[in-house]
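In what follows, a structure is listed as structure tokens, so that the remarks can point back to it.
Throughout, read-outs are computed from the coordinates displayed, never taken from laboratory work. Remember, predicted model here, so these are calculated numbers, not experimental data. Glycine also receives a Cβ, built like all others from the backbone with ideal geometry; neighbour counts cover every protein chain displayed.
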Amino acid sequence: MNIQKYMKPVFGSLFVLVGLVACTNLEIEETDSIISTAVDGGFTPVANPASSLSDLYNKVGGDFATQETMYAMSEVTTDELLIPTRGTDWGDNGIWRQLHTHTWAPAHLFIKNAWNNLNQNVFRASEIIESNPAASVLAEAKFLRAFNMFFLMDFFGSVPFREVDEGPEVNPRVLTRSEAFSFVESDLLDALSGLPDGSPGTANTGTATKAAANFLLAKIYLNSHIYNGGAVDNANMQKVIDAVDDIADLGFGIEEGYFQIFESSDDNETIFYLNSDIGARIWNSMHYNMNSP
């Protein structure tokens, strides 16, 4: 048998196959494919820090002006608020009852969304801070970062923190509760000099002021032994008094009637808030039709 006679066609076929493979274009067409691009970090500053700050205010306002997430975690988990159920109305498959009875799981929708919203707000504030903004924008962004990180520290203890130049493949640094306390304190102290004073009324409604920063400072100092561990620190208690005195010097004070602070008219007590205007349906007012004409 002539082996060469049979092997020649085989080798010829192999060369054709190799040629076909070699000529194939393996480049991915990005226009019609989903590809994973390696991310090596880096940071592109936001184009307009003032506009980004306005967007962040709107997002934070929306996150907190709802009956779910942070509000539910702050109030429904305590004896301050009860969600009554009539038949299936407001039963919602037990989602509120789990908060009342402290039987929630990590997958609880309100808790998961609170975690995601707060961390997202912290990162967006960091992007503004690292974009060389004007002094006033920088101060307000630092306040908003501290405000959101405070709730993370208060609700969850440990706080993840990602630098703006770290890619998504980099695990964030995890701050202990004590480290988060120092971070919040530092941002608030840095912000104070660049913030407007603030005064009773609607002039600074929903925006950061010295009064708002001092109130949050007073709050963390009052609970510093909880966040840092150990006994009550008298020096921090004096800081509480000093911060509240600074607020009082701006004209703020306690209203005679508790329910006055929920009325649509101005008062001297509320410091950092959003108006519940006529026509608003819920927005955490006293009842659905509270602001009806």
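Quick rundown of the values:
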quantity	calculated
Rounded, prolate or oblate (a/c below 1.5 giving rounded, otherwise prolate when a/b exceeds b/c) for segment 45-262 by Cα gyration tensor	rounded
Footprinting exposure proxy for Val60, Val240, Val232, Val159 (fewest neighbouring C-beta atoms within 10 Å first)	Val232, Val240, Val60, Val159
Least to most buried among Thr88, Thr270, Thr176, Thr69 (fewest other Cβ within 10 Å first)	Thr88, Thr176, Thr270, Thr69
Cut-off 9 Å between beta-carbons: net charge of the residues surrounding Ile261, Lys and Arg +1, Asp and Glu -1	-4
12 Å beta-carbon shell around Asn113, net charge (K/R +1, D/E -1)	-1
Reach of Lys210 by Cα under 15 Å, taken over aspartates and glutamates that are not fewer than 8 positions away in the same chain	Glu140, Glu185, Asp187, Asp190, Asp197, Asp242, Asp245, Asp246, Asp249, Glu269
